[in-house]
1. If you put +1 on each Lys and Arg Cβ and -1 on each Asp and Glu Cβ, how big is the dipole of the chain around its Cα centre, in Debye rounded to 20?
2. Quick one: 3J(HN,Hα) in Hz for segment 116-123, Karplus 6.51/-1.76/1.60 with θ = phi - 60°, rounded, Gly and Pro as x.
3. Order 44-52, 60-68 from most to least packed using the mean count of other Cβ atoms within 10 Å.
4. Return an integer: the convex hull volume of the alpha-carbon atoms of segment 66-152, in Å³ per residue.
5. What percent do you get for the relative contact order of segment 5-153 when only Cα pairs under 8 Å and 6+ apart count?
6. Under the definition of Cα pairs under 8 Å and six or more residues apart, what whole-number percent is the relative contact order of segment 156-225?
7. To the nearest 10 degrees, how steep is helix 44-65 against the longest Cα principal axis of the chain, on a 0 to 90 scale?
8. Give me the dipole magnitude in Debye, nearest 20, for segment 101-195 about the Cα centre, with unit charges on the beta carbon: positive for Lys and Arg, negative for Asp and Glu.
Amino acid sequence: MEISLLRQKALKELQRNLKINFSNLELLNQALTHSSKEPIFHNERLEFLGDAVLGVVVGEYLFRKFPYLEEGALSKLKGMIVSEENLSRHARKIGIKDYILVGKNQEGIQSQDSLLADVYEAIIGAIYLDKGWNVVFHFVVDSLIKEEEIQRMRDFKSDLQEYTQSLYKTIPEYELVEEVGPDHLKRFRVKVRIGKKIWGEGWGSSKKRAEKRAAQSAWEKIKNEY
């Protein structure tokens, strides 16, 4: 598929957003081409490859980053990171939808979450083929796996319960120790106990949020002691 000068200019803009310079620009163009636009030169094979590469990158990153998490917690976290919702959100940040090629009868589908997630995976596949493992690994980690977003995604209460059941054969106990403020601005303080030891505490605008922050506090102690 021949790439026009106008299309080359557009792809150059996208490469700046991706912070990747392709040696083979046709790979990037193909990653952005929907099957309705080109029945042969489309992105489905690259999407297949990118999905596999993404899974390995995220799996390796989480395996090394969280050595204390059990398999169930790692799988749950991985599922959130590679979800259609998360991939499409990051695709929008990069502005990918403005560069997707679709058939005339499919105009407008570029904004669909499913299509954006598929194209994001296809781009990952294209980067892997063009630049190799190290570059695609850092691209995914730097653009998709943000530390603050992982913390937001994590279910610390479930992680803590799974960990304590496995190690101590018990579950955490949460204790409400303080309430402050008027009813419409109430704040709660919760402590979490594992056995006889207090492992963490947290404040929140609800008991549930305070418990989550107490669980996160406990996780930080576990991580430091690991």
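1. Values: 36 positive and 34 negative charges, 175 e Å.
For this selection, approximately 840 debye.
2. Result, rounded to whole Hz: 4, 5, 5, 5, 4, 5, 5, 5.
3. Numbers: 44-52: 18.1, 60-68: 13.8.
Per-residue Cβ counts within 10 Å, averaged per peptide and sorted highest first, yield 44-52, 60-68.
4. Numbers: hull volume 9.7 nm³, N = 87.
Hull volume over Cα atoms, normalised by residue count, gives 111 Å³.
5. Over segment 5-153, the number comes to 35 percent.
6. So the answer I get is 26 percent.
7. 30 degrees
8. Working: 12 positive and 17 negative charges, 58 e Å.
My answer is approximately 280 debye.
Any read-out appearing in this document is the output of simple, stated calculations on the displayed coordinates, not a laboratory observation. Since this is a predicted model, take the numbers as computed values, not measurements. Positions of Cβ are generated from backbone atoms using ideal geometry, with glycine treated the same way; all protein chains shown enter the neighbour counts.
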